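> Here it is: the structure, laid out below.
Readers should treat all values here as calculations from the given coordinates under stated rules, not as data from a laboratory. All values reported here derive from a predicted model rather than from experimental measurement. All Cβ positions, glycine included, derive from the backbone under ideal geometry; neighbour counts span all protein chains shown.
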Amino acid sequence: MPAPRSLFDKVWDSHVIVARDEGPSLIYIDRDMIHEGSFHAFADLRRRGLAVRRPRQVFGTADHYAPTGGRRIADARTPEVGDVIRRFDDNMRWSGVRHFGLDDPRQGIVHVIGPELGITQPGLTIVCSDSHTSTQGALGALAFGVGQSENALVMATQALWQAKPKTLRITVEGRLGAGVTAKDLILAIIAKIGAGGAGGHAIEYAGPVIRAMSIEERLTVCNMSIEAAARCGMVAPDDTTFEYLHGRPFAPAGQQWEQALAYWRTLPGDDGAAFDREVAIDASAIEPMVTWGTSPEDAMPIGGAVPDPATLPDAQRRAAAEQALAYMGLRPGQPLEGLAIDRVFIGSCTNSRIEDLRAAAAVLDGRRAQVPVMIVPGSTAVKRQAEAEGLDRVFRAAGAEWLESGCSMCVAMNGDTVAPGERCASTSNRNFVGRQGPGARTHLMSPAMAAAAAVTGRLTDLRRLATGGRA
Amino acid sequence: MTPFVRETAIAAPLPGINTDTDQIIPARFMKRDRSEGYGRYLFHDLRFDAEGGKRPEFVLNRPEFRDARILVAGRNFGCGSSRESAVYALADFGIRAVLAPGFGDIFHANALKNGLLPVALPEDLVEALRERLAAGPAREVTVDLEAQRVTLPDGSRHGFTIDAFWRDCLLQGVDELGMTLGYLPQIEEFERRALRERPWTDMGSE
Ligand code: SF4
């Protein structure tokens, strides 16, 4: 009898072109997703006189540099940003790659539109020159980020040299409490295992809490796998996955749907499949989380206090924490709750889907933001959906800016920046030094927590907000 | 790709852990073509203040490390964003090898494609080396890929491991894309079979 295999093993095995016992194997890549930053890869192809080998397997969208104030290149904050988008459009035309430009109704953040359009499917290998490609593993795909050299390689050959990662299963038992979300869960996981904690591993998220999650919640969890240094994050496909995919524009249809479905049902790991490592998480113990430092591992419950670096277990973390506190303008022992903030950003491939916007709207409904708030939907389709549900009116009534979709203030490439020294409550995934702009101070949290911070102007335990609106 | 065989150079101790690629090159500097050179953006916000003045305390601005071509860094170096620009910036600045207890996966892969050697060493060794380099005066380190060995300023030698595939690519400066094109017959054969078994994964060819 063949040895029981995990989800990861099955997807990996079915894509190996040339197997090597040690080091990298040549694996087949089903989909490559492209954004404006991919221009280096196109320059490489053009220099070599190579074409994109199978352009219909490649999908491009404008997101990192997309202006949020309008849908024309002229809306870009600087001419240089506009040039990057123009160059992207040129490369898309040159290559024949399917292209969702700024004014396309299918445009959006690459990891939001992949699932939304049904491009992301169970059992596929997917790369994108973006580290948060791990997001797309939520549907049972093997999806990971690559650099521009590998991006060019995939476009030219549809293949990639990859060392097989080890496997790590994170089993989440119990139940998430009221006001505790997928974002809080993944922040708690990273705080527990560390920013390097899953290095060299493919994570499979399992257990009843993951099974009970919607696809959007699973996307949030898988999204931040990379913040624990994982190669990718995956969730075994189930009926939730299949229902989600059914009828999406690039999902299989008709007889092919039945064929695909039969195959997808074989993908979940076999009983007794071995993992190199296992981690167990008790969801019931998790509280709404915020970060205090400059690494996503610097996360703690909102009721906590800024740690004293002197109490940290090792010298390296002590030194890092001291630097982080200086950068963040915080003192050891300072309570996180009540910390005054300067602005709020709700968006990014972590938390910009419709469920995220509904959660933010439920808190903002009938309340006023005390600080500037930017709400940037993850895709043009999410924007339309939110407007159809009237969420835009809730946001505007609360005084928030309701903008066009893109990466925006998650990475500040399009010029949407947090000013030096400003403190931002953000639903994105990275609180790195300077990530949201030079000198920007980022606190990561869930959409509901960011909305709660907006209406009080302070880091706030949303469970303590007086029930006013729909929350 | 520039081959890497052996390098003897001043090694600079970069403080900190989890040095992410946003630190190595801030996102706002990634709009230009590589041909313009990315070296000036390396560690930009650590090297320069808001007015563009050099921060004298930053390691690469200190006179004793001006000629550094090797970097010694803390755990999880190059974590975060997949931006290959981080490797462009290091390589264009003249850095040939980074010694650290561990690397971000994507950074590690990107480095290998660009002739920048990531050398993983035990954490206690790296920490002792960072202290020794900061104290000086001996600051020369040799990284020998052929022998898979580093020689530290105190003369001690330490082996390191690297996969033979990548070692050979680096030693010979193999162009990975060019080499992989040689596998197109295998790729095509695999593809025909895979598309027969999983026809829904084919998005068409026009
Ligand atoms: S939203 Fe942020 S993390 Fe996600 S792809 Fe865009 S820049 Fe990257």
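> Past the 21 angstrom mark, what percentage of all C-alpha to C-alpha distances in the stretch B:54-206 do you count?
On the way: 6420 of 11628 pairs.
Percentage above 21 Å: 55.
> Now, a different point. Ranked highest first by the average count of other Cβ atoms within 10 Å around their residues, in what order do B:85-95, A:239-249, A:20-30 fall? If you can, show how the numbers build up before the last one.
Values: B:85-95: 23.5, A:239-249: 15.1, A:20-30: 17.9.
Ranking, from highest mean packing down: B:85-95, A:20-30, A:239-249.
> Using Cα pairs closer than 8 Å and at least 6 residues apart in sequence, work out the relative contact order for the stretch A:326-471, in percent. Can you show the working numbers first?
On the way: 329 pairs, mean separation 48.5, N = 146.
Computed over the stretch A:326-471, the figure is 33 percent.
> Given that compact globular proteins tend to follow 2.2 N^0.38 Å, what is the ratio of the alpha-carbon Rg of the stretch A:401-450 to that value? Don't skip to the end; give the middle numbers.
Working: Rg = 10.2 Å, N = 50, 2.2 N^0.38 = 9.7 Å.
The stretch A:401-450 yields a ratio of 1.05.
> Given chain B, what percent of its DSSP beta bridges are antiparallel, to the nearest 5? Could the numbers behind the result be given before it?
Values: 12 of 24 bridges.
Rounded to the nearest five, the antiparallel share is 50 percent.
> Restricting to Cα pairs below 8 Å that are 6+ residues apart, what does the relative contact order work out to for the stretch A:144-234? Please round to a whole percent. Walk me through the intermediate numbers first.
Numbers: 112 pairs, mean separation 31.2, N = 91.
Relative CO of the stretch A:144-234 lands at 34 percent.
> Using +1 on the beta carbon of Lys and Arg, -1 on that of Asp and Glu, and nothing else charged, what's the dipole of the stretch A:271-412 about the Cα centre, debye to 20? Show your work: numbers first, answer last.
Working: 13 positive and 20 negative charges, 127 e Å.
I would put it at about 600 debye.
> For peptide A:139-150, what's the mean number of Cβ atoms from other chains within 10 Å of each residue's Cβ?
Details: counts 0, 0, 0, 0, 0, 3, 7, 6, 17, 10, 11, 8.
Mean number of neighbouring Cβ atoms from other chains: 5.
> Compare the Cα positions of A:GLY70, A:HIS99, A:CYS128 along the charge dipole of the stretch A:56-128 (+1 at Cβ of Lys, Arg; -1 at Cβ of Asp, Glu; about the Cα centre) and return the one farthest towards the positive end.
A:HIS99
> Considering every residue in B:176-183, what mean count of other chain Cβ atoms within 10 Å of its Cβ is obtained?
On the way: counts 6, 12, 4, 2, 9, 7, 1, 6.
What the average comes to for B:176-183 is 6.
> With a 10 Å Cβ neighbour count serving as the proxy for reagent exposure, in which order, fewest first, do A:PHE42, B:PHE29 appear?
On the way: A:PHE42 23, B:PHE29 16.
Taking fewest neighbouring Cβ atoms as first place, the list is B:PHE29, A:PHE42.
> Tell me, how many Å apart are the Cα centres for the stretch A:42-75 and for the stretch B:55-122?
If we compute the Cα centre of each part, the gap is 28 Å.
> From the phi angles alone, apply the Karplus equation (6.51, -1.76, 1.60; θ = phi - 60°) to the stretch A:136-153 and give each ³J(HN,Hα) in whole Hz, x where the residue is Gly or Pro.
With coefficients 6.51, -1.76 and 1.60, one gets 6, x, 4, 9, x, 8, 9, 10, 8, x, 9, x, 6, 5, 6, 4, 5, 4 Hz.
> So what are the ³J(HN,Hα) numbers for the stretch A:56-63, from phi and the Karplus equation (6.51, -1.76, 1.60; θ = phi - 60°), rounded to whole Hz, Gly and Pro as x?
Calculated HN-Hα couplings, in order: 6, 8, 10, 10, x, 9, 8, 9 Hz.
> Quick check on the protein assembly as shown: of the DSSP beta bridges with both residues there, what percent are antiparallel, nearest 5%? Spell out each step's value before the answer.
On the way: 24 of 77 bridges.
For the protein assembly as shown, the DSSP antiparallel bridge percentage is about 30.
> Relative contact order of chain A: what whole-number percent is it, with Cα pairs under 8 angstrom and at least 6 residues apart? Intermediate results must be reported in sequence, preceding the final value.
Details: 1151 pairs, mean separation 80.5, N = 471.
Here the relative contact order equals 17 percent.
> I would also like to ask the following. Mean residue ellipticity at 222 nm from the helices of chain A, using -39,500 (n - 2.57) per DSSP H segment of n ≥ 4 over the full residue count, to the nearest 500 deg cm²/dmol? Provide the component values of the computation, followed by the final result.
Numbers: 15 runs with 145 residues, N = 471.
Calculated at 222 nm, the ellipticity per residue is -9000 deg cm²/dmol.
> Across peptide B:31-37, what mean number of C-beta atoms from other chains lies inside 10 Å of a residue's C-beta? Walk me through the intermediate numbers first.
Values: counts 11, 4, 4, 5, 2, 0, 0.
Neighbouring Cβ atoms belonging to other protein chains average 4 per residue here.
> Excluding B:VAL59 itself, calculate the net charge of residues whose Cβ lies under 15 Å from the Cβ of B:VAL59, where each Lys or Arg counts +1 and each Asp or Glu counts -1. Present the calculation step by step, with values, prior to reporting the outcome.
On the way: positive: B:ARG47, B:LYS54, B:ARG55, B:ARG62, B:ARG66, B:ARG69, B:ARG130, B:ARG132, B:ARG139; negative: B:ASP45, B:GLU57, B:GLU64, B:ASP67, B:GLU131.
It works out to a net charge of +4.
> Using amide H atoms built 1.01 Å from N in the peptide plane, name the residues 5+ places from A:TYR65, or on other chains, whose amide H lies under 5 Å from its own.
Excluding prolines and chain starts, which carry no amide H, the hits are A:GLU36.
> Here's another thing I want to ask about it. Can you work out ³J(HN,Hα) from phi for every residue in the stretch A:210-222, in order, using Karplus 6.51 cos²θ - 1.76 cosθ + 1.60 and θ = phi - 60°, giving whole Hz and x for Gly and Pro?
5, 4, 7, 6, 6, 4, 4, 5, 4, 4, 4, 5, 4
> Set Lys and Arg Cβ to +1 and Asp and Glu Cβ to -1, take the dipole of chain A about its Cα centre, and tell me which of A:THR61, A:SER225, A:PHE242 lies farthest positive.
Of A:THR61, A:SER225, A:PHE242, it is A:THR61.
> Now for a different question. Using just the C-alpha positions of the stretch B:28-73 as equal point scatterers, what log10 of I(q)/I(0) does the Debye formula give at each q in 0.22, 0.27 1/Å?
Those come out to -0.88, -1.08, one per q.
> Go from 0 up to the bin containing the longest alpha carbon distance in the stretch A:77-164, width 5 Å each, and give me the % of pairs per bin.
3, 12, 19, 24, 23, 12, 5, 2, 0
> Next up: Using only DSSP helix segments of four residues or longer, with each worth -39500 (n - 2.57), what per-residue ellipticity at 222 nm results for chain B after dividing by its residue count and rounding to 500? Could the numbers behind the result be given before it?
Details: 8 runs with 68 residues, N = 206.
That comes out to -9000 deg cm²/dmol.
> For chain A, what is the Kirkwood hydrodynamic radius in Å, using each pair of distinct C-alpha atoms? Can you show the working numbers first?
Values: mean 1/r = 0.0446 Å⁻¹.
Every distinct Cα pair counted, the radius reaches 22.4 Å.
> Give the separation of the Cα centroids, the stretch A:125-188 to the stretch A:281-352, in Å.
With the stretch A:125-188 and the stretch A:281-352 each reduced to a Cα centre, they are spaced 24 Å.
> Moving on. Would you please give the residues with an amide H less than 5 Å from that of B:PHE48, counting only those at least 5 places away or on a separate chain, with H modeled from the backbone geometry?
B:ARG55
> While we're looking at this one, here's another question. What is the distance, in nm, between label points placed 7 Å from the Cα along the Cα-to-Cβ direction at A:ALA253 and at B:ASP33?
4.2 nm
> Could you tell me what % of all Cα pairs in the stretch B:1-67 have separations over 16 Å?
Details: 1307 of 2211 pairs.
Percent of Cα pairs beyond 16 Å in the stretch B:1-67: 59.
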